[in-house]
Amino acid sequence: MSYDRYDAICKSLHYGTLLGSRACVHMAAAAWPSGFLSALLHMANTFSLPLCKGNALEQLFCEIPRILKLSCSDTYFREARLIVVGVCLGFGCFMFIVVSYVQIFRAVLRICSEQGWHKAFSTCLPHLAVVSLFVSTAMIAYLKFSSISSPSLDLVVSVLYSMMPPAVNPLTYSMKNQELKVALKKLIQSFFCQ
């Protein structure tokens, strides 16, 4: 998405040629192996664990940290390996997004008209909002202190990071639609004016 926004704003005259089917295939070819590698590492770690504390999780999702707690073997190196790979993959994606948006904002700041600024920011801000929501809730889920960890809190946080971004996506990306804005404004006014 950040590359799409970059091309749409910084290279708008060449957008059709730059973001054709070939570019989409290249982007998918870059994204799929990293997701496959991450899933393969998680699966290999999970299936090679000896479980001695049962196989029932007090969780809605079958997440790796919960499965590691059921293991009777030392899982420190397994966790460290997964964290290093996950951080490297996530950091690479995050840096690509940051570099793309720095270029976008540099191009937007060179635009003289207020209408151009509004159009550029309304194109970029929904994507940044969704990415920020996903990254912040995932960081809270996986980087919180174990001293504040409880099954109910873990459940709430995992639901937040896995269900909240996809649920908010349609609303976030459709806020450019004028009819939706009017309907949402009427709904909020009717809610508060009762």
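The values are calculated or read from the model by the stated rules, or taken from the named source; none is laboratory data. Quick caveat, the model's predicted, so the values are computed rather than measured. Every residue, glycine as well, gets a Cβ built from its backbone with ideal geometry; the counts of neighbours run over all protein chains shown.
Figure legend. Inter-residue proximity from the stretch 150-161: first residues polar (S, T, N, Q), second residues buried (at least 17 other Cβ atoms within 10 Å of the Cβ), beta-carbon distance below 6 Å, spacing 6+ or different chains. Indicated pairs: Ser158/Ala141. In this structure, does Met139 turn out to be exposed (fewer than 14 other Cβ atoms within 10 Å of the Cβ), part of a helix (DSSP H, G or I) and modelled with pLDDT of 75 or more? Here the answer is yes, as Met139 does meet what is asked.
If you check Ala120 against the conditions, is it at pLDDT below 70, more than 30 Å from Ile83 (Cβ to Cβ), part of a helix (DSSP H, G or I) and among the aliphatic types (A, V, I, L, M)? Outline the logic, then answer.
On the way: at pLDDT below 70: yes; more than 30 Å from Ile83 (Cβ to Cβ): yes; part of a helix (DSSP H, G or I): yes; among the aliphatic types (A, V, I, L, M): yes.
Answer is yes for this residue.
Could you run through the stretch 93-117 and say how many residues are assigned to a helix (DSSP H, G or I), surrounded by fewer than 12 Cβ atoms within 10 Å (Cβ to Cβ) and of a type in the set (Gly, Ala, Ser)? Number satisfying all stated conditions: 0.
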